[in-house]
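Please treat every number below as a calculation from the coordinates, not as lab data. Because the structure is a prediction, the values reported are computed rather than measured. Because the Cβ atoms are built from the backbone with ideal geometry, glycine has one as well, and the counts that use them run over all protein chains shown.
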Amino acid sequence: MTIKDKEERNYYYRNYYQKNKERYLGYIKKYHNSEKGKIREKEYLKEYMKRPEVVRRNKERWKIRESTPLRKIYRLNYMRKRRKDIKFRRKEYLYRRNKKDSNKNILEKERELNRNYYQKNKIKKRVYKLKWKYKNMNKVKSEKLAQRLIKIPKGKLCEICNINKAVHRHHEDYSQPLHVMFLCSTCHGKQHRKI
């Protein structure tokens with residue numbers, strides 16, 4: 001084959017691929033999701049990791065990681081990126097919570113610290129609560145009126161999601177204390193975040 005023939009062939013293949021790109025990508029996805037594709041990928045990775053170039057590169061990387069200050073920097077950067085994701089934060093919280101529950105000493109120390117803090121700053125907390133009540137008298141009065149006069153009926157579902165049981169009373173306008181929506185805790189939180 002001459003050079004012109006090769007160029008013509010390549011040009012034809014490129015155009016054909018661009019026209020039928022979606023179909024080809026569909027075939028590739030099906031193959032990768034199949035069992036044959038997964039087995040071949042594993043075999044290829046094993047062969048790839050045994051290559052001398054890859055082994056050398058990995059050794060150099062591990063040498064850098066073994067030094068403690070650089071390792072800490074890598075870890076901090078990784079955690080900063082991951083903590084933007086909400087799911088990762090929940091997992092991290094649950095992991096720490098389970099760790100505390102398993103170690104009773106950690107829980108006892110935390111409780112002691114909280115008790116000491118509350119005893120030292122008792123007056124500050126009371127003053128803060130009183131200030132908030134004084135600023136938001138309208139809210140406090142409407143909430144108390146609703147608690148006294150309006151009862152949540154048994155088996156009442158949330159007015160927004162219609163899945164969970166209603167537990168809270170929500171005021172859209174605090175000037176009208178008897179106009180109330182019956183909501184579950186999640187929907188109530190969402191409503192307040194909108195406001």
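Placing pseudo-labels 7 Å out from each Cα toward the beta carbon at Lys144 and Lys99 gives an inter-label distance of 4.5 nm.
Run the helix sum for the chain: -39,500 (n - 2.57) per DSSP H stretch of 4+ residues, divided by residue count, reported at 222 nm to the nearest 500 deg cm²/dmol.
So the helix-based figure for the chain works out to -24500 deg cm²/dmol.
What translational diffusion coefficient, in µm²/s and rounded to a whole number, does the Stokes-Einstein relation yield for segment 128-193 at 10 °C and a viscosity of 1.306 mPa s, taking the hydrodynamic radius as the Kirkwood radius over Cα pairs?
On the way: Rh = 12.6 Å.
This corresponds to a translational diffusion coefficient of 126 µm²/s.
Its relative contact order, with pairs defined as Cα atoms under 8 Å and 6+ residues apart, puts segment 137-194 at 33 percent. Between segment 100-124 and segment 1-47, how many Å separate their Cα centres? If we compute the Cα centre of each part, the gap is 62 Å.
Computed over the chain, relative contact order equals 9 percent, with contacts defined as Cα pairs under 8 Å that lie 6+ residues apart.
Checking (i) 127; (ii) 379; (iii) 157 against the coordinates, the calculated volume of the Cα convex hull per residue in Å³ falls under label (ii).
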